[in-house]
Amino acid sequence: MKYYIAADGGGTKVQAVLYDEELRMVSAARVSGVNSNFRPVGHIAAEMRRLVRELVPEEVSEVECVCVSVVGDMELLMEALGERCVIKGCQAYGEGEAALAAAGVLYGVAAQSGTGSDAFLVQPWMQDTVGGWGAVLGDEGGGYDLGIQTLKAAIYAFDGRGPRTALLDMVLAEWELSHPWDMIEKLVGNSDYRRVIASATYLTARAAAQGDAVALGLYERAAHELSHQVLTLIGRHGGSWQGPIVASGGTWKGCGHMFETFREDIWQAYPDAAVIRPFAEPVVGCMVRQRLEAGEDPGRLRDIVEERFPPFFLKDTRR
């Protein structure tokens, strides 16, 4: 039996899947992120070794190919894998390529909103990007940015500078804080502050589901930021492109209103554009892309992901 690995990761997490030549999932593993801008290299290396221990069983001594899309120190992942088994090949994909493949296409535009944010244009003849400037200079519309806006909304509500919102009580309860000022102590000096701030988006999603106007407004703001990136990218190339616009990444899962707002923004400029959600997580997108490039049918691949990779199949794509 031949084995393959697909891996995807960035600043918050790395996910990997081991599967066989019949596209049957053998195992999966998840650890914290690999972006050395936010984590020490020694910590990343230890996490990659832990990932490999959880992913690759003793009986697997050889892997045909590793399909990987990693923002950060991919070398540390490959070194850890190489210590565990023989790696015969490696295929690296960009974030946009993996995101599009997770929707069953090779080409199009990916509006990526995970912890950070980017817009990717992937075409048969070229690729281009807008955004991706990181937490300090950009990431508008991503999870970190939404988390910051969530905490600011709570602070504004406390100060009286902004409208009342359920977010204030939610933050205090979730973080077990006695007073809003305690947010400072929780975040300042925390080496993992970016992940902690991004985790506040779970509260944003909960508040939005309850109809909180402030939380819904934050998702609208995120949608506008992402549509602005996409429209800027498309406009840079004359407003012509091949393929759908795919809204990819964990932030989109928090609130359907975010996707609906984004889609309306795109349709105002390009009424005929196909604006869709992926059917799989990007880690499986790496596997799908390799198979699409080999000429396999996207519909069949979608069915395989649903049947054989259920933890990574996205049932509610809000198309």
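The values are calculated or read from the model by the stated rules, or taken from the named source; none is laboratory data. Just so it is clear, the structure is predicted and the values come from calculations on it, not from any experiment. Cβ placement follows ideal geometry from the backbone for every residue including glycine, while neighbour counts extend to all protein chains displayed. Remember, those area values only see protein heavy atoms, side chains included, never the ligands or the DNA or RNA. Shrake-Rupley method; radii C 1.70, N 1.55, O 1.52, S 1.80 Å.
Work out from phi, with θ = phi - 60° and the Karplus expression 6.51 cos²θ - 1.76 cosθ + 1.60, the ³J(HN,Hα) of each residue of segment 225-238, listed in order in whole Hz, and give x for Gly and Pro.
Each residue's phi maps through the Karplus curve to give 4, 6, 5, 5, 4, 5, 5, 5, 5, 5, x, 4, 10, x Hz.
Over the chain, with a Gaussian network built from C-alpha contacts below 10 Å, which listed residue (Ala222, Ala29, Ala101) shows the highest mean-square fluctuation?
Ala29
What are the residues whose amide H is under 5 Å from the amide H of Ser27, where those residues sit 5 or more places off or on another chain and H is modelled from the backbone?
It is Leu18, by chain and number.
Using the alpha-carbon atoms, what tilt in degrees (0 to 90, nearest 10) does helix 298-308 show relative to the longest principal axis of the chain?
Its long axis makes an angle of about 80 degrees.
Take Met48, Met78 and sort them by solvent-accessible surface of the protein heavy atoms, 1.4 Å probe, largest at the top.
My answer, sorted largest first, is Met78, Met48.
Ignoring ligands, DNA and RNA, how do Glu79, Glu176, Glu62, Glu95 rank by accessible area with a 1.4 Å probe, largest first? Please report the intermediate quantities before stating the final value.
Details: Glu79 110, Glu176 160, Glu62 80, Glu95 60 Å².
Ranked from most to least accessible, the order is Glu176, Glu79, Glu62, Glu95.
Please list, in order along segment 166-182, the HN-Hα scalar couplings obtained from phi with the Karplus expression 6.51 cos²θ - 1.76 cosθ + 1.60 (θ = phi - 60°), rounded to whole Hz, x for Gly and Pro.
5, 4, 4, 5, 5, 4, 4, 6, 5, 8, 6, 9, 7, 8, x, 4, 5
Taking a 1.4 Å probe, which of Arg291, Arg53 shows the most accessible area, and what order do the others take after it?
Reading off the accessible areas and sorting them downward yields Arg53, Arg291.
Do you know the relative contact order of the chain, to the nearest whole percent, from alpha carbon pairs under 8 angstrom that are 6+ apart?
20
Loop only by DSSP, 11 or fewer other Cβ within 10 Å of the Cβ. Give me the chymotrypsin sites (Phe, Trp or Tyr not before Pro) in segment 91-154 that pass, ordered by residue number.
Trp125
Mind checking the log10 I(q)/I(0) for segment 91-135 at q = 0.21, 0.28 Å⁻¹? Debye, one equal scatterer per Cα, no solvent, two decimals.
-0.65, -1.05
Which log10 I(q)/I(0) values, to two decimals, does the chain give at q = 0.08, 0.10, 0.14 Å⁻¹ under the Debye formula with one point per Cα?
These q points yield log10 I(q)/I(0) values of -0.37, -0.59, -1.10.
Which percent, nearest 5, of DSSP beta bridges in the chain are antiparallel?
Given both bridge residues lie in the chain, the antiparallel proportion sits at roughly 60 percent.
Suppose all protein chains stay in the model; what accessible area per residue would a 1.4 Å probe give for the chain, in Å²?
That works out to 45 Å² for each residue.
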